[in-house]
Amino acid sequence: MDLFEYQGKQYFAKYNIPVSAGGVAHTVDEAVVEAEKALYPVVVKAQVQVGGRGKAGGIKLATNADEVRLHAGNILGMDIKGHVVKRVWIEHASDIAEEYYASFTLDRAAKQHLLMLSAQGGVEIEDVAAKDPTAIVKLHINPINGLSLATARQASVDAKIPEKALDGVADMLVKLYECFTKGDCDLAEINPLILKPTGEVHALDAKVSLDSNAAFRHPEWEEYAATEELDAREQLAREKNLQYIGLDGTVGIIANGAGLAMSTLDVVNQVGGSAANFLDIGGGANAELMTAALEVINSDAKVKSIFINIFGGITRGEEVAKGIVEAVKRVTLRAPIVIRLDGTNAEEGRKILAEAGIPDSQLTSRPTMLEAARAAVALAK
Amino acid sequence: MAIFVDQHTKVIVQGLTGGQGRFHGLRNKAYGTQVVGGVTPGKAGQDVEGIPVFDSVEDAVKATGATASFIAVPPKAAPAAILEAARAGIGFVVCITEGIPAQDEARVFATLQRDFPATRLLGPNCPGIISPGKCNIGITAGEIAQLPTASGPNVGIVSRSGTLTYQALYELKQQGIGVSTCVGIGGDPVPGTSFVDCLAEFQADPETHAIIMIGEIGGSAEEEAAEFITNHVTKPMSAYIAGVTAPAGKKMGHAGAIVSGGKGTAQGKMDALRMAGVKIGLNPTEAGSLMAEIVNNLR
């Protein structure tokens, strides 16, 4: 789960990482109220989960209420790379002497935590990596040893952070690491990490991605889930506890297992179609799950055909087939279904489907994934 | 021969009295696996259809001589369960639990590496392992696995995805090709056992003559496998990588299956494996057919 900048800053603040005082605003009037609280000059920042906000005109300096009105008015509702700005973050403008970069992630290849630190901040770190890879210090941290202040300071020296900022940056790194580990982040990134002319080190931006598997020990995350930007289909799927991701195509997909669902998307694409979604109903494929899945797919107006791809392992083919027949009776579908049912007792399952009395215009069965994909794609055209 | 588990493997189930543990533990036993005990704190002295239950892994190991553990407990309890098994001297731990926080997985893996290097963890969030006709630990339906033959050729399977593992077993069964061992390494960010670990074992196993590998988007495990194959694997291989059409930035069901920052794409993984001499199928069936050709050439 990705956080907005303002949520990331609030999250940082819990771990004593210095951030600017500020507030979030949904309207121009709210923006002025927050600006008065933060004290002028302030920065009005678009809250969208996409890079390049500044270039798009989504970050503006304001020295009085009129300027706040002007900029907040322009930025709210602005479309930045397909993301519509619903809220702005207003914070007191910081004086900047220097800009650095710091982040923690999990390096899956090394199976260790990874610190990336650079004295060149405020620009895309990918660009720094491409132009001058030596400008980024990469340090692996064993998760059971953690990060000491001494190690953090040495990494800062290695990254050529100037002497005057060393203590501040090292302290910041230790706090950010604690936020990353105790806060169950997939990513905790500060870009830019600034040095103020007064000598303090400060997080001017916040990019935080949380590990949803850890939600059970973070009840405070519920407020973030409320602002997560899901489309109507994804919202419905979440309510029904389905693993669903909305896409732009015309073939609705239902499969059991994440790998098989991904594979189904690929095969539909290979035969010239495009998938409307990713939907994994898990191992069971009973009538309740299948009904819920069909309801979600049915809510997508773009869907022209539905491809149900089930491999029966422990769940036998006849149970899967009965579930599908029952679900088709319960939901009034707008698009025809093509089923590929394979695995344990697939023959018996197919027989049940064939003898269920569902017209061919509504449901047809194909023995292999490829044939079923072709049939579903043909129906979607 | 087979890799990691065989007819001599004695298994305990941590969480045997829970819904999943009971269901799959009993299925594994019915398949012929030596399921010698279960562990649920506070339930020592009870039994599940004749399988004795113990309070701790240590007690279970002392009483049964178990060498492997099957962990089917909720995500909150799984990290402690894995370490308990390791502390009791279990050499092979299979954890099917889905939803363990990545920070916990990283700490568990680092602890195993430092304190219990003799313990191998398979998973978490994996379907388990089956050496057909010998041992089945996890949730794989044993009946879809073709028995290996003494003369071969037999195929080893290693996969990140559960249902695609079954698909691979099924494709091989359709073709009448025997399977030495089928390992599901799981779709989480920090798997205890990697593709490379399995490839090394398959390469060394005289009963395995060819290897099929099923990967997916995210991470760099397939690229590392490709490098290992180039340098160490002489047995013929086919592979399939799921997620060619997956959009960037979206987790495709598995916590580990995500394309981010242009890394972990299916195309990159296929290219790396192709360079290593692996035959690439564009769907699971094609990978199965390619394997059938490989096996026919070996016959």
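The table for this structure:
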read-out: Contacts under 9 angstrom Cβ, first residue in the range A:32-52 being charged (D, E, K, R), partner surrounded by fewer than 20 Cβ atoms within 10 Å (Cβ to Cβ) and part of a helix (DSSP H, G or I), 6 or more apart; value: A:E36/A:A65
read-out: Some residue of the range A:339-347 being under 16 Å from B:I144 (Cβ atoms) and open to solvent by 30 Å² or more (accessible area, probe 1.4 Å); value: yes
read-out: Meets criteria (surrounded by fewer than 20 Cβ atoms within 10 Å (Cβ to Cβ), within 11 Å of chain A (Cβ to nearest Cβ) and more than 21 Å from the chain's Cα centre (by Cα)) for B:L282; value: yes
read-out: The range A:264-273, subset open to solvent by 10 Å² or more (accessible area, probe 1.4 Å) and in contact with a helix residue (DSSP H, G or I) (Cβ under 7 Å, 6 or more places away or on another chain), residue nearest to A:R330 (Cα to Cα); value: A:G273
read-out: Check on A:N64, touching a residue at least 24 places away in the same chain (Cβ under 8 Å), outside the structural domain of A:K196 (by TED's automatic domain parsing) and surrounded by fewer than 19 Cβ atoms within 10 Å (Cβ to Cβ); value: yes
read-out: A:Q154 being buried (at least 19 other Cβ atoms within 10 Å of the Cβ), away from every other protein chain (no Cβ under 14 Å) and more than 27 Å from B:A257 (Cα to Cα); value: no
read-out: Qualifying residue in the range A:268-277 (condition: assigned to a strand (DSSP E or B), more than 8 Å from every other protein chain (Cβ to nearest Cβ) and either polar (S, T, N, Q) or touching a Lys or Arg at 6+ places or on another chain (Cβ under 9 Å) (or both)); value: yes
read-out: Residues satisfying the stated conditions in the range B:265-279, i.e. open to solvent by 10 Å² or more (accessible area, probe 1.4 Å) and outside any helix (DSSP H, G or I); value: B:T265, B:A276, B:G277, B:K279
read-out: In the range A:141-192, the residues that are over 28 Å from B:G249 (Cβ atoms), among the hydroxyl-bearing types (S, T, Y) and touching a helix residue (DSSP H, G or I) at 6+ places or on another chain (Cβ under 7 Å); value: A:S156
read-out: Filter result for B:R120 (farther than 15 Å from B:T193 by Cβ and at pLDDT 95 or above); value: no
read-out: Top-ranked residue of the range A:210-220 - restricted to ones that are buried (at least 20 other Cβ atoms within 10 Å of the Cβ) and part of a helix (DSSP H, G or I), ranked as farthest from the chain's Cα centre (by Cα); value: A:A214
read-out: Tally, over the range A:113-133, of residues that are part of a helix (DSSP H, G or I) and either within 14 Å of chain B (Cβ to nearest Cβ) or at pLDDT 95 or above (or both); value: 6
read-out: One residue from A:L187, A:L247 being open to solvent by 10 Å² or more (accessible area, probe 1.4 Å), assigned by TED's automatic domain parsing to the domain that holds A:G312 and of a type outside the set (D, E, K, R); value: A:L247
read-out: Residues of the range B:78-89 classified as open to solvent by 30 Å² or more (accessible area, probe 1.4 Å), small (G, A, S) and touching a residue at least 24 places away in the same chain (Cβ under 8 Å), total; value: 1
read-out: Those residues of the range B:248-260 which are open to solvent by 10 Å² or more (accessible area, probe 1.4 Å), touching a residue at least 12 places away in the same chain (Cβ under 8 Å) and at the interface with chain A (Cβ under 7 Å from one of its Cβ atoms), in sequence order; value: B:G253, B:H254, B:A255
read-out: One residue from A:L204, A:L195 being under 30 Å from A:P162 (Cβ atoms) and open to solvent by 20 Å² or more (accessible area, probe 1.4 Å); value: A:L204
read-out: Residues (at the interface with another protein chain (Cβ under 8 Å from one of its Cβ atoms), part of a loop (DSSP other than H, G, I, E, B) and open to solvent by 10 Å² or more (accessible area, probe 1.4 Å)) located in the range B:90-149; value: B:G99, B:I139
read-out: One residue from B:V233, B:V244 being open to solvent by 30 Å² or more (accessible area, probe 1.4 Å) and either of a type in the set (A, V, I, L, M, F, W, C) or at the interface with another protein chain (Cβ under 7 Å from one of its Cβ atoms) (or both); value: B:V244
read-out: Matching residues in the range A:134-185 - criterion: being touching a residue at least 60 places away in the same chain (Cβ under 8 Å) and either over 29 Å from the mean Cα position of the chain (by Cα) or part of a loop (DSSP other than H, G, I, E, B) (or both); value: A:I161, A:P162, A:A165, A:G183
read-out: All positions within the range A:349-381 that are within 14 Å of chain B (Cβ to nearest Cβ) and surrounded by fewer than 22 Cβ atoms within 10 Å (Cβ to Cβ); value: A:R366, A:P367, A:T368, A:L370, A:E371, A:R374
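Residue by residue, here is whether (1) within 28 Å of the chain's Cα centre (by Cα); (2) closer than 14 Å to A:A376 by Cα; (3) not assigned by TED's automatic domain parsing to the domain that holds A:G252 holds:
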{"site": "A:G273", "(1), (2), (3)": "yes, yes, no"}
{"site": "A:T291", "(1), (2), (3)": "yes, no, no"}
{"site": "A:V303", "(1), (2), (3)": "yes, yes, no"}
{"site": "A:I314", "(1), (2), (3)": "no, no, no"}
{"site": "A:V320", "(1), (2), (3)": "no, no, no"}
{"site": "A:I324", "(1), (2), (3)": "no, no, no"}
{"site": "A:K329", "(1), (2), (3)": "no, no, no"}
{"site": "A:P336", "(1), (2), (3)": "no, yes, no"}
{"site": "A:D342", "(1), (2), (3)": "no, no, no"}
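Condition check ((1) in a loop (DSSP other than H, G, I, E, B); (2) out of contact with any strand residue (DSSP E or B) (no Cβ under 9 Å at 6 or more places or on another chain); (3) open to solvent by less than 30 Å² (accessible area, probe 1.4 Å)) across all residues:
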site	(1), (2), (3)
B:A168	no, no, yes
B:K173	no, no, no
B:T181	no, no, yes
B:G192	yes, no, yes
B:V196	no, yes, no
B:F202	no, no, yes
B:G215	no, no, yes
B:G218	yes, no, yes
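Condition check ((1) closer than 18 Å to B:R120 by Cβ; (2) at pLDDT below 95) across all residues:
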site: B:G19; (1), (2): no, yes
site: B:S69; (1), (2): yes, no
site: B:K76; (1), (2): no, no
site: B:P79; (1), (2): yes, no
site: B:G89; (1), (2): yes, no
site: B:F92; (1), (2): yes, no
site: B:G99; (1), (2): no, yes
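The values are calculated or read from the model by the stated rules, or taken from the named source; none is laboratory data. Remember, it's a predicted structure, so these values are computed and weren't measured experimentally. FYI the Cβ positions are ideal-geometry reconstructions off the backbone, even for glycines, and counts take in every protein chain you see. Note: areas computed on protein heavy atoms with side chains; ligands, DNA, RNA excluded. Shrake-Rupley method; radii C 1.70, N 1.55, O 1.52, S 1.80 Å.
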